[in-house]
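Trainee: Submitted below is the structure of interest, expressed as structure tokens.
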Amino acid sequence: MKYTSKEPITEKGIVDAVETLLRKSGYRILPQLRIRTWRPDIVGLKGDEVVIVEAKGQGSDIRKALAQTALYSTDATSAYLALPTERIHHDLKEAAKALGTGLIGVGETAKIELKATPSEPRASLLRRIRQMRNISVRPVGEAKRRASPATARLLRHRRVLEVLLARPARRFTIRELSQEAGISYSTTWRMVQDLEALGAVIGERVGTSRLLSLNQQAPVVKELKSLADLELSPHRLAAREFSDLLEHVPEVRRAILFGSVSRGREATTSDVDIAVVLTKKNQSTVNRIYDLAQSVQDRARMKIVPLFVSESDLDSPNRLMRSIKSGEVLFERP
């Protein structure tokens, strides 16, 4: 499919162009497939290779799209973010490279601008695909084994990165680093190996201890900072989207994320609890906010639970109000 430069490329147009590209490369396009709580725009299959594509148009939030693509990369052989060609620039390529994700530019045709780092697809995903009618996939045990890229581990356990970046001058033992990050010793040890291979961490022997510190001069540290800053939690992404919509409701004074999501302890099935502080509560405002919550829930597949409170309610000493006050303020009107 081709587009003239005068025609704006819609997300559907991007999907059509990328599907054409994948089919020419020998991939079979699978019907809509749910992966955890999301439905990717495109899932392609060739042998035991699974490619997932997130497609975004002109007005989309590239930061969120890149984060979503990075999450897909932990499930698939490779994951790509497809955008209008003019939106793909050097900084985006560097960020995608650090994450191991690929980029597809769509102009007159679709073209791979940056190849994704391949890894072994998640076994449970391959099993689900095999169970689909008329889909033939080589059993997982027969697939050519590839080590998962370091970026996949860094994505899942970014807390280690956050600790190192927050205290760049400090030297840690692996045990100290694992304790501060709240991650097991063995996982921290593997992450340190990944970071050393990237040149991001320096290790030195002091007595019987091995101390680690951030190599602040390493060029890759800048990319790791971008990685640590990416919002990858689907619950938090949904909370941010809901908060952005609340800014357009004049009666909303503040939006506060509380509960397990605010503490970073959410499970896949967790609700997104958001306290909505109103200057004036009426049924029209409440209904409008419920509609906004439903619209985010329909898109993100995350259950948004707004709790309506007033400023005076927050002064109550009960446990719920204390939990809300200790939460994360997503939006506050000046």
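The values are calculated or read from the model by the stated rules, or taken from the named source; none is laboratory data. Predicted model only: the values in this text are computed from it and were never measured. Neighbour counts run over all protein chains shown; Cβ positions are idealised from the backbone, glycine included.
Trainee: Got a sec? Which strands (runs of 3 or more DSSP E) wholly within segment 238-334 have at least 3 residues that are touching a Cys at 6+ places or on another chain (Cβ under 7 Å) and assigned by the TED database to the domain that holds ARG63?
Mentor: Result: empty, no element qualifies.
Trainee: Given (1) closer than 19 Å to VAL106 by Cα; (2) under 14 Å from the mean Cα position of the chain (by Cα); (3) surrounded by fewer than 22 Cβ atoms within 10 Å (Cβ to Cβ), where does LEU66 come up short, assuming only one miss?
Mentor: Only one criterion in (1) closer than 19 Å to VAL106 by Cα; (2) under 14 Å from the mean Cα position of the chain (by Cα); (3) surrounded by fewer than 22 Cβ atoms within 10 Å (Cβ to Cβ) is unmet by LEU66, namely (3).
Trainee: Same structure, new question: Scan the helices (runs of 4 or more DSSP H) fully inside segment 152-219 and keep the ones with 2 or more residues being in contact (Cβ under 8 Å) with a residue 60 or more places away in the chain, surrounded by 15 or more Cβ atoms within 10 Å (Cβ to Cβ) and at negative phi.
Mentor: 158-166
Trainee: Please enumerate the residues belonging to segment 294-326 that are touching a helix residue (DSSP H, G or I) at 6+ places or on another chain (Cβ under 6 Å) and either of a type in the set (Phe, Trp, Tyr) or under 19 Å from GLU251 (Cβ atoms) (or both).
Mentor: Selection gives VAL296, ILE304, PRO306, LEU314.
Trainee: Checking the conditions here, which among LYS111, LYS97, LYS93 is part of a helix (DSSP H, G or I), touching a residue at least 60 places away in the same chain (Cβ under 8 Å) and surrounded by fewer than 24 Cβ atoms within 10 Å (Cβ to Cβ)?
Mentor: LYS97
Trainee: Something else about it: Does ARG158 satisfy the condition of being within 24 Å of the chain's Cα centre (by Cα), at pLDDT 80 or above and of a type in the set (Lys, Arg)?
Mentor: Judged against the criteria, ARG158 is not a match.
Trainee: Next question. Tell me the residue from ARG299, ARG322 that is among the charged types (D, E, K, R) and over 30 Å from ARG34 (Cβ atoms), please.
Mentor: Unique residue meeting the criteria: ARG322.
Trainee: Another question, if that's okay. For segment 20-45, enumerate the residues that are over 24 Å from ARG301 (Cα atoms) and not in a loop (DSSP other than H, G, I, E, B).
Mentor: THR20, LEU21, LEU22, ARG23, LYS24, ARG28, LEU45
Trainee: How many residues, within segment 76-90, are among the hydrophobic types (A, V, I, L, M, F, W, C), touching a strand residue (DSSP E or B) at 6+ places or on another chain (Cβ under 6 Å) and buried (at least 24 other Cβ atoms within 10 Å of the Cβ)?
Mentor: 4
Trainee: List the number of the failed condition for HIS235; all other conditions in (1) surrounded by 16 or more Cβ atoms within 10 Å (Cβ to Cβ); (2) under 18 Å from the mean Cα position of the chain (by Cα); (3) without any contact (Cβ under 8 Å) to a residue 60 or more places away in the chain hold.
Mentor: (3)
Trainee: Here is a follow-up. Residues being out of contact with any Asp or Glu (no Cβ under 7 Å at 6 or more places or on another chain), crowded, with 17+ Cβ neighbours inside 10 Å and among the charged types (D, E, K, R): count how many of those fall in segment 20-48.
Mentor: Residues flagged as out of contact with any Asp or Glu (no Cβ under 7 Å at 6 or more places or on another chain), crowded, with 17+ Cβ neighbours inside 10 Å and among the charged types (D, E, K, R) within segment 20-48 amount to 1.
Trainee: Out of segment 259-277, which residues are surrounded by fewer than 20 Cβ atoms within 10 Å (Cβ to Cβ) and of a type outside the set (Val, Ile, Thr)?
Mentor: SER260, ARG263, GLY264, ARG265, GLU266, ALA267, SER270, ASP271
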